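Working notes, beginning with the structure itself.
Rule-based calculations on the coordinates, nothing more; no lab input. Remember, it's a predicted structure, so these values are computed and weren't measured experimentally. Virtual Cβ from ideal backbone geometry, glycine too; neighbours counted across all protein chains shown.
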Amino acid sequence: MNFTWAAAPLRKIILSVAEPSVRAFVPIGRHLVDVNTLIGKKIRLNWPGMAECQSCSGIFSSLQAQGLCRKCFFESPMAGQSMVRPELSTAHLGIADRDLDFERALQLQPHSVYLADSGGVKVGVTRTRQQVTRWLDQGASRAQVIAITDNRYEAGLIEVALKEHFSDKTDWRRMLAGETFDADFSAATGVALEAIPSDLKRFAVANGVQHRVHWSLAAGFKAKSVKFSNHGDEIEAVLAGQRGQYLAFTDGRAINLRSHEGLFIGLSC
Ligand SMILES: [Zn+2]
């Protein structure tokens, strides 16, 4: 190991579309670690201990979930009910879930309902201005917008209707294996457009662009997920590639960095 980034709060991997494969940077404290240059090299990731809440910036020995301390997880609008279930949004009615100003800013803007292939076709909802980031975070190989709505609630209603036909979950094992939806993706988008409820059809995007994404991780990867749960946990292995929010190692281990957001992570290479 020639270089060490001292343990500092980890943030989710910053991804951008590029050829021949997605560019990935891991933010550790004030540093950005260039993942693409580390592929094929031995690296060590470790969690000596401590974590920073991504909402209140408090320092804790561990976090509850989503990079948040226990209090923020149950009280912050960053973990409100509409984050996971857009159809439960209420800002358009002027009704607060946890913090109306925060929820208005987040929910009352254009949202995209999309189909993505991330180890199988899935439906999802995201703010339109960050849709590409969302697809990259999920490790998608292709994606297409099905509808663009005025707010998060309307997108949630469309997603609920589309869940009759498509999963809303990513199968991370199949995503890391590089499996793709084996039926006709264009036909699937046709089914999705048909499934939009009639009172929401005005938001449909017919003939949307099919976006393609290429990843550094070779197909056929058989992943065994690892998670840092105890102070002192570490991984030392050769980096095989990266996809979505995962780093994958040649010994089959894979770690979802997003689920470690806020932990003081050290990295050596
Ligand atoms: Zn907190």
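Tell me, please, whether a residue that is under 19 Å from the mean Cα position of the chain (by Cα), assigned to a loop (DSSP other than H, G, I, E, B) and over 27 Å from residue 96 (Cα atoms) can be found in the range 141-153.
yes
Out of everything in the range 198-241 that is free of Cβ contacts under 8 Å to residues at least 40 places away in the same chain, not polar (S, T, N, Q) and not in a helix (DSSP H, G or I), what residue ends up being farthest from residue 267 (Cα to Cα)?
Looking at residues that are free of Cβ contacts under 8 Å to residues at least 40 places away in the same chain, not polar (S, T, N, Q) and not in a helix (DSSP H, G or I), I get 206.
Can you pull out the residues in the range 62-97 that are surrounded by fewer than 18 Cβ atoms within 10 Å (Cβ to Cβ), assigned to a loop (DSSP other than H, G, I, E, B) and away from the ligand (no atom under 13 Å from the Cβ)?
85, 90, 94, 95, 96, 97
Checking residue 20 against (1) part of a loop (DSSP other than H, G, I, E, B); (2) within 16 Å of the ligand (Cβ to nearest atom): exactly one of these is not met. Which one?
(2)
Given the criterion in contact with a Leu (Cβ under 9 Å, 6 or more places away or on another chain) and within 17 Å of residue 157 (Cβ to Cβ), identify the matching residue among 88, 115.
115 is the lone residue from the list that is in contact with a Leu (Cβ under 9 Å, 6 or more places away or on another chain) and within 17 Å of residue 157 (Cβ to Cβ).
Need the failing condition index for residue 32 against (1) free of Cβ contacts under 8 Å to residues at least 60 places away in the same chain; (2) within 11 Å of the ligand (Cβ to nearest atom); (3) touching a strand residue (DSSP E or B) at 6+ places or on another chain (Cβ under 6 Å), just the number.
So residue 32 meets the others, but not (2).
Looking at the range 205-259 only, could you name the residues that are small (Gly, Ala, Ser), buried (at least 18 other Cβ atoms within 10 Å of the Cβ) and touching a helix residue (DSSP H, G or I) at 6+ places or on another chain (Cβ under 8 Å)?
Matches in the range 205-259: 208, 216, 223, 244, 248, 254.
I'd like to know if the range 114-132 contains one or more residues that are among the acidic types (Asp, Glu) and surrounded by 24 or more Cβ atoms within 10 Å (Cβ to Cβ).
yes
Output the residues belonging to the range 242-255 that are under 14 Å from residue 140 (Cα atoms), part of a strand (DSSP E or B) and not polar (S, T, N, Q).
Across the range 242-255, the qualifying residues are 243, 246.
Any residue at all in the range 167-187 that is assigned to a strand (DSSP E or B) and either touching a residue at least 40 places away in the same chain (Cβ under 8 Å) or surrounded by 14 or more Cβ atoms within 10 Å (Cβ to Cβ) (or both)?
yes
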